[in-house]
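Working notes for the structure below.
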Amino acid sequence: MGRETFSVESYRAARREYEVESDSGVTRRAEQRARDTGRLNEIVDPGVKPMRYSKIRLNPHQKKWIATVGCPMDIEVSCDTTGSMGGEVDTEMAVLPELYEAVAKVLPGYDPQLCLGIFGDCDDDFVICRPQFEMEAPKIVNYLKEMAPQRAGGDYPEDPQYAMFARAYLTDAYTNHIGLKGYHFIVTDSICHRSITKEQIKRIFGKEIFENELKNMEHHIPNIKKVIKDLKKKTHQFILLLNDIGGDEYEDWRELCGEDSVICIDFTENLPAVISTIIGLTEGTIDITEVKGLRPSLIKQLSKIKLGAQAELRHKLPYPVPKAGDIFAKKSDLWPIQPSDCNPEAEMLGEPIVASEEIEYL
């Protein structure tokens, strides 16, 4: 699956290639095509192959497989694009290099994989846009320019619950398979509709969703409390709210997700700093005393999240988190070959433990 990672150079080259020449109007052409055709581009359409994947990258190696980068870390950000937030894809595109660099810094040894989506309202033609998890600049730039934000105000509550539904039930993430959690962020200035219906699920994710990906759910549609509960089993979940603490929006989200999951922010341009700080605190790679560049009241909010929650999960894993250069016997294996799997007799004799074939690390 390759070993390319995000770089500023590849980001700038991708913008030139895709003719994203300005930091405004990034999605203009995609929005027009969506209006003309009544369809989203398939790379952001949640109804086209609805399952989203975050996998470890393995390349063939001496009849085995080698991890080329490290353990993937799935990071999904779903941003409100209704009303005054209609231009947020422009912001996501502009801060993308800063976002990737910031999360990579607090995830040493990991392979950050970004799914940067958007949501609107069920009154809109398109409720959500959701790409695959990607780690290379050209693919992320490409899917961002293909978003089709509806920008309508509509009624006041919006419908991010379907973005949460998608991560809870329509995501196959390596982190979950080995016992870790990914990260899920909703960015909004509004409260949330609480209705989740079979009709809207079929409309958003495809008419055959219950025959394929969501078998046995058609007659047992989860309510929003169940969706959030299941989402929290798979991700460290946060609401980044463009509003004040104590307002109606804050109280609504706090009641739904818990106080330690709701962080009030001033503007979306500082999402890289906020998101990377949350991940670093949760991973245990930074301490709250090391947080700089954010206002004191925001740091105070961040101190209430569960610090080191991911570190606790890591301690419970049967093996160390896979790293670049680890060898897997089969591509479908969850864990790399462990030293004790290679030559137990050599281990007993105190000889160096090696696999049956010479290993050449990339």
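Reducing the stretch 104-148 and the stretch 212-231 to their Cα centroids gives an inter-centroid distance of 23 Å. Nearest 5 percent is fine: what portion of the DSSP beta bridges confined to the stretch 8-347 is antiparallel? Here the share of antiparallel DSSP bridges comes out near 25 percent. Per residue, the accessible area of the chain comes to 46 Å² when a 1.4 Å probe rolls over the protein heavy atoms. Relative protection proxy for 54-61, 78-85, from highest mean packing down: 78-85, 54-61 (other beta-carbon atoms within 10 angstrom).
Dividing the summed helix terms, -39500 (n - 2.57) for each DSSP H run of n ≥ 4, by the number of residues in the chain produces a 222 nm estimate of -10000 deg cm²/dmol to the nearest 500.
The dipole here belongs to the chain: it is taken about the Cα centre, uses +1 on the Cβ of Lys and Arg and -1 on the Cβ of Asp and Glu, and is about 720 debye.
So which of 49/232; 55/292; 139/304; 198/323 end up more than 30 Å apart, counting from Cα to Cα? In this structure, 55/292; 139/304; 198/323 exceed 30 Å between Cα atoms. Report, to the nearest whole %, how much of the accessible area of the stretch 94-174 belongs to carbon and sulfur atoms, 1.4 Å probe, protein only. Solvent-exposed carbon and sulfur of the stretch 94-174 make up 50 percent of the total.
Packing-based ranking of 243-252, 179-188 yields 179-188, 243-252, ordered from highest to lowest mean Cβ neighbour count within 10 Å.
The values are calculated or read from the model by the stated rules, or taken from the named source; none is laboratory data. All values derive from a computational prediction rather than experimental measurement. Positions of Cβ are generated from backbone atoms using ideal geometry, with glycine treated the same way; all protein chains shown enter the neighbour counts. To get the accessible areas, we keep the full protein, side chains included, count just its heavy atoms, and leave off ligands, DNA and RNA. Shrake-Rupley method; radii C 1.70, N 1.55, O 1.52, S 1.80 Å.
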